[in-house]
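The values are calculated or read from the model by the stated rules, or taken from the named source; none is laboratory data. Computed from a predicted model, the values in this text were never measured in an experiment. Here Cβ is always computed from backbone atoms with ideal geometry, including for glycine, and neighbour counts include all displayed protein chains. Quick note on the areas: whole protein, heavy atoms, side chains included, nothing else; ligands and nucleic acids left out. Shrake-Rupley method; radii C 1.70, N 1.55, O 1.52, S 1.80 Å.
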2 protein chains.
Amino acid sequence: MARKIDPDQREQHKAAIAEAVWRLVARSGLEAVSLREVAGEAGVSVGRVQHYFGTKDALLLYGLRLAQQRMEGRIRRRIAGLVAPGAEDVLRATLAELLGDDPDTRQAVRVWTAFLGRALDDRAIAEALFADDVELRAFTTEVVGSPLDAHGLWALANGLAAEVACGQTTAADARAVVDHHLDRLLGSPDR
Amino acid sequence: MARKIDPDQREQHKAAIAEAVWRLVARSGLEAVSLREVAGEAGVSVGRVQHYFGTKDALLLYGLRLAQQRMEGRIRRRIAGLVAPGAEDVLRATLAELLGDDPDTRQAVRVWTAFLGRALDDRAIAEALFADDVELRAFTTEVVGSPLDAHGLWALANGLAAEVACGQTTAADARAVVDHHLDRLLGSPDR
DNA sequence: CCATTGTCAATACGACCGTATTGATATGCT
DNA sequence: AGCATATCAATACGGTCGTATTGACAATGG
């Protein structure tokens, strides 16, 4: 046996490559992602990409999953900044991050939108894309009272996110729409 | 000068090729669309496809536009079947078609979802995809009263449509969500 | 120390892609 | 009649793609 070495470095290398994928996807779409392009964007060799991911599909899947994790982290950090938040505040903060102006979030939503088309025929990607939805809707149902309203709220938010990703709506306009919808569902925020 | 010939046949040939594109996209995603695959699916030669469309991008754009036109026709036909429809009935019928069980509509929504990712970096496709939204939201604003509600309603509907396209939600469930939302916006249908 | 194993870089391979080119055939105007 | 043109089918071309292969180097456990 030999070579145990720092597993953190391994994850850092993989993450750096995944981030290159995000930049490419956000800038030029999924069809611009080739191993050579990714390697170039990340400033590494194709061999390195192959070594860590083996296959292109595995790379894309890892990239998507990591993007979701990073997004979850940003949401958690936003919630951690609230003082004595109730469930409604948590919901509002989550939506605010999804449609917020953080560049990483905006990039992630563009990535998310790009993968949506691939989720049509790739089960693994569809699972990764929609993995959090069940939990998210369950939590939302408790806040808004009705599962139909919870489902509708996230469909609305995701629809808006796609519009923003495609440049059809500004993030600010999308927030106004979702706020208006939330006020209807929950009553005005400070009441 | 010579060779004016039936322009209908030209359009029929183009439409047959576009329909092959839809089948491929709906079955295997946009990445499965190559000129050779399209020609094979349509049962024609690659030369024919090239002759009518010249370029792959032009073919995809034509396919998307024709899909939207066909969709509009199905909606119009549904509305024509209503007796003395008010504006609210027209809106409900439009949404019902988008989330209805018509196989052509379901296929079109899958195509729409596939193109969404490409709309991130292709302006022409983005324009075609979102071309009808302005008009649709304007009309909806008159029905529901508020532009924010109109925007939200279509974001919700499109979000649900994407979920259905990816197999994450059944069309029936999506209709239930949108009906529930409409009842909240407009009051129950027969009131 | 040395065998093993993780980490790559370089390159080769075969497949497929979009497009250009060429040429054949049919059609309809003059 | 004959010519211009639309309509293709067939094929060639150059490029890119994902992946496999090979080999070098480094680090480490025994």
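Brief remarks on what is shown
- Copy-to-copy label separations for A:Ala124, where each label sits 7 Å from Cα toward Cβ, in nm and ascending: 3.4
- Using the average count of surrounding beta-carbon atoms within 10 Å as a protection proxy, the listed peptides B:129-139, A:151-161 rank, highest first, as A:151-161, B:129-139.
- Shielding by other protein chains, A:46-53, mean Cβ within 10 Å: 0
- With respect to chain B, whose longest principal axis is taken over its alpha-carbon atoms, helix B:147-165 is tilted by about 50°.
- Value of relative contact order over segment B:7-186, rounded to a whole percent, pairs C-alpha under 8 Å and six or more apart: 20 percent
- For segment B:7-186, the fraction of 1.4 Å probe accessible surface lying on carbon and sulfur atoms is 49 percent.
- With every protein chain in place and a 1.4 angstrom probe, the accessible-area ranking of A:Ile79, B:Ile17, largest first, reads A:Ile79, B:Ile17.
- Leading residue at positive end of dipole, the protein assembly as shown (Cβ point charges), from A:Ala80, A:Gly40, B:Thr140: A:Gly40
- Shape call, chain A: gyration tensor on alpha carbons, a/c limit 1.5: prolate
- Under 10 Å, Cβ to Cβ, from A:Arg74 - net charge with Lys/Arg +1 and Asp/Glu -1: 0
- For the peptide B:124-132, the mean number of other protein chain Cβ atoms found within 10 angstrom of a residue's Cβ is 1.
- Förster radius 22 Å - calculated FRET efficiency between A:Asp173 and A:Asp102 (Cβ-Cβ, nearest 0.05): 0.85
- Rounded, prolate or oblate (a/c below 1.5 giving rounded, otherwise prolate when a/b exceeds b/c) for the protein assembly as shown by Cα gyration tensor: oblate
- Accessible heavy-atom area order of A:Asp102, B:Asp149, highest first, probe of 1.4 Å: A:Asp102, B:Asp149
- Segment B:94-186: relative contact order in percent, alpha carbon pairs under 8 Å with at least 6 residues between: 31 percent
- Once the Cβ-Cβ distance of A:Ala87 and B:Ser45 is raised to the sixth power relative to R0 = 56 Å, the FRET efficiency obtained is 0.35.
- Between copies, A:Phe139 shows label-point distances of 3.8 nm, shortest first, with the point placed 7 angstrom from Cα along Cα to C-beta.
- Reducing segment B:121-146 and segment B:57-80 to their Cα centroids gives an inter-centroid distance of 15 Å.
- In segment A:1-47, trypsin sites (Lys or Arg not before Pro) in a DSSP loop with at most 11 other beta-carbon atoms within 10 Å: A:Arg3, A:Lys4
- Helix B:171-186 vs. chain B, principal-axis angle (Cα, 0 to 90°, nearest 10): 50 degrees
- Peptide A:142-150 shows a mean partner chain C-beta count of 2 within 10 Å per residue C-beta.
- Interface area, A with B, accessible, probe 1.4 Å, both sides summed, Å² nearest 100: 3200 Å²
- Residues in segment A:160-183 that, when all protein chains are in place, have 20 Å² or more less accessible area than the chain alone would give (probe 1.4 Å): A:Glu163, A:Cys166, A:Gln168, A:Val177, A:His180, A:His181
- Residue of B:Leu99, B:Leu66, B:Leu120 that the Gaussian network model of chain B assigns the largest fluctuation, springs spanning Cα pairs under 10 Å: B:Leu120
- Cα long-axis angle, helix A:87-98 against chain A (0 to 90 degrees, to the nearest 10): 50 degrees
- Label-point spacing at A:His180 relative to the other copies reads 2.2 nm, in ascending order, each point sitting 7 Å out from Cα along Cα→Cβ.
- Computed over protein heavy atoms with a 1.4 Å probe, the accessible surface of chain B works out to 49 Å² per residue.
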